[in-house]
Amino acid sequence: MKKSLGKSVLTSYIIGLPIGLLFIASTIILPPLLSGEGLLSFIILSLYGKSIVGLVISFIIALWFGGILAQKSIEKGNSLLLTSFKYSLLINLVIWTVFSAIASFNQENEFGFFVLPFIAFIFCTTIKTFTIGLVIAFRTRTVIRNILNEDNYSTNKNLR
C-alpha cells in the first residue's frame, strides 16, 4: 500500500469515525435529554434499531473507501471542495442505502422509510461537504504534501 494511501485512510478514520459515531449516538440520546422523556428514543430504536446497526457497520467500512477516494482525488489535483463533496457523497450514499435496505425489510410503511433516509442523505451530504469532509480533505492534502516533501528531501539527500 502506498504511504499516502495508508495515511489518507488513517486520516479518514481518525477524524471521521469519532465525529460520525458521536453524531449517531447524539441522535438517539439527545431527544430524552431535551424533553426529559425517553419515549422518542425508544421509538427510534424500536423502528430503526437494526437499520442503525447496519448504518454504523457500513459507516466504518465506508470510511476506508472514503479515505481511498480522498487520496486519489487530491493526487489528481482536484480542489478541496470537490474532494470533500466526493468524500461526503460516497460515505452518505453507502450508509443511507444500507439503512434504507435494512429498514425496508422490517417495516410496512415503505414511504416513510425511504423519504426520511433520503432527506437525511441530502442534509448530511450537504452539511458534511462544508464541515467534516472539508477538514478531512484538507488534512489529506497536507499529509500527501508532507510525504512528497519527505520523498524529495531523501532523493536530494542521496544525490549529494
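Miscellaneous remarks
- Unmet requirement for K50, which otherwise passes all of (1) in contact with a Ser or Thr (Cβ under 9 Å, 6 or more places away or on another chain); (2) in contact (Cβ under 8 Å) with a residue 40 or more places away in the chain: (1)
- V115 fulfils the conditions (1) among the aliphatic types (A, V, I, L, M); (2) closer than 18 Å to L5 by Cβ; (3) at pLDDT below 95 except for a single criterion, (2).
- In the range 25-38 there is no residue that is in contact with a Phe, Trp or Tyr (Cβ under 8 Å, 6 or more places away or on another chain), within 19 Å of F121 (Cβ to Cβ) and either among the small types (G, A, S) or surrounded by 13 or more Cβ atoms within 10 Å (Cβ to Cβ) (or both).
- Output for the range 130-149, where each listed residue is among the hydroxyl-bearing types (S, T, Y), surrounded by fewer than 16 Cβ atoms within 10 Å (Cβ to Cβ) and in a helix (DSSP H, G or I): T142
- Check on I52, at pLDDT 95 or above and buried (at least 17 other Cβ atoms within 10 Å of the Cβ): no
- Members of the range 66-94 that are surrounded by fewer than 16 Cβ atoms within 10 Å (Cβ to Cβ) and either closer than 16 Å to I132 by Cβ or of a type in the set (S, T, Y) (or both): S79, L81, L82, L93
The values are calculated or read from the model by the stated rules, or taken from the named source; none is laboratory data. Quick caveat, the model's predicted, so the values are computed rather than measured. Virtual Cβ from ideal backbone geometry, glycine too; neighbours counted across all protein chains shown.
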